[in-house]
C-alpha cells in the first residue's frame, strides 16, 4: 500500500514537471509538437535540439528546461524501479522451483493441510529419503513452506483436479491432518476414487466419527489425543 502511494506521487510529479517543462520550452519554440518532442526526448535522456532554437549564447530558459527534464528523468527512473520491485515481490522463486518438483513425484506421500505437524512429518520423510508433497489452499502457508525448503503446491484436496495436480495416481499414501472430520472424509473419498490402492491416514477429532471415516475408505483414523495419552501412559509406567 505504501509503494502504491509513492508511485501515485511520483506519477503526478512526472505529469506536473512535463507540463511545466513544456510551458518553458514554448517560450523558445512556437511549434507545440516540436516543444513536446523536445521535452519527451530530454526526459528519456536523449539529446534533441530543435533547429529553431538559437544556441549562439547560453540561454537560461533552455538550461531551465533541460534541468527540469533531467529531474523528470530521475523521477521516472525511481518510478520504474518501484514498479519492478513490486512485480519482483509477487514472484516467489522458491515456490516456482517447488512446483517444478511435482512433475517428478512418484511413490510419494501427500500431506494436507500445512501445519506444524505436517512440516514435522515432511522433515522426517525427507531424512528417510522419501518423496512427499505438502498441499494447502492457503497460498500464504504454501509460500512460507516453500521458503523453508519443503516441496509444496497450492491445491484443493477436496476436488479431484486438486489431487490430480499433486500426482495422486502415483502416490502411495495420503495423510490428512485437518481438524474437520467431514472435510477429512470428503478428501479421503475423493482420493480413493482417483487411486483405489492409496493408503490413507486421517486425523479424527470426534471418537464417533472414527468408524465413519474408516467406512469411507480411510485406512487408518487416528485421534491425536489418544496417541498422546498412550505415550504418556507408557512414560508413567516406566517411572
## Note on the structure
Simple spin-label estimate for residue 170/residue 193, 7 Å along Cα→Cβ, in nm, reads 2.3
### Query
How large is log10 I(q)/I(0) at q = 0.14, 0.16, 0.17, 0.23 Å⁻¹ when the Debye formula is applied to the Cα atoms of segment 90-216, each weighted equally and without solvent?
-0.55, -0.72, -0.81, -1.43
### Query
Applying 1/(1 + (r/R0)^6) with R0 = 25 Å to the Cβ-Cβ distance of residue 5 and residue 73, what FRET efficiency is obtained, to the nearest 0.05?
0.70
### Task
Give me the distance in nm between label points sitting 7 Å out from Cα along the Cα-to-Cβ direction at residue 36 and residue 161, one decimal.
4.7
### Task
Take the Cα radius of gyration of segment 140-189 and divide it by 2.2 N^0.38 Å, with N its residue count; two decimals is plenty.
1.20
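Any read-out appearing in this document is the output of simple, stated calculations on the displayed coordinates, not a laboratory observation. Note that the structure is a prediction, hence the values are computed from the model and not measured. Counting neighbours? That spans all protein chains shown, and the Cβs are built from the backbone with ideal geometry, glycine included.
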